[in-house]
Amino acid sequence: MTTTNSNSIFSHTTNQISVFNGEHYDYWNSQLEIIFITQDLWEVVEEGYAERQSQKDASCAEDKEKSYKENVMKNATTLRLVQQGMSKVIYPRIFSVKKAKDAWEILKTEF
């Protein structure tokens with residue numbers, strides 16, 4: 001559900017993620033950055049996450065697999081929030097992106 005106010009520069013969804021429509025990028029960026037920080041996701045935006053590597057040592061393979069899965073989940077959560085914050089006009093620019101860091105970089109360079 002989206003609500004709008006004629007005095008507002010953004011429309012807000014029920015979970016309060018601002019929808020970026022191509023204007024006021026710095027304002028939108030700062031709001032999402034705070035959301036990411038409060039959900040311990042900012043590192044995914046800044047650094048991305050490591051791809052899976054082959055496991056030679058079986059004793060630490062389980063720990064590495066668990067860590068990898070956690071990183072994949074954090075990336076997906078972060079990317080979902082970025083996607084939710086896109087208007088239908090802006091979203092196609094990041095449609096095929098699979099990493100939150102890459103989506104964030106595209107938006108940062110274009111706006």
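All of the numbers you see were taken from the coordinates with simple rules; none came from a lab. Owing to the predicted nature of the structure, the values given are computational and were not obtained by experimental measurement. Every residue, glycine among them, receives a Cβ derived from its backbone with ideal geometry; neighbour counts consider all protein chains shown.
Within segment 99-110, does at least one residue satisfy the condition of being over 15 Å from the mean Cα position of the chain (by Cα) and not in a loop (DSSP other than H, G, I, E, B)?
Within segment 99-110, one or more residues are over 15 Å from the mean Cα position of the chain (by Cα) and not in a loop (DSSP other than H, G, I, E, B).
So W42 passes all but one of these: (1) hydrophobic (A, V, I, L, M, F, W, C); (2) surrounded by 11 or more Cβ atoms within 10 Å (Cβ to Cβ); (3) out of contact with any Asp or Glu (no Cβ under 7 Å at 6 or more places or on another chain). Which condition number does it fail?
It fails just one condition, (3).
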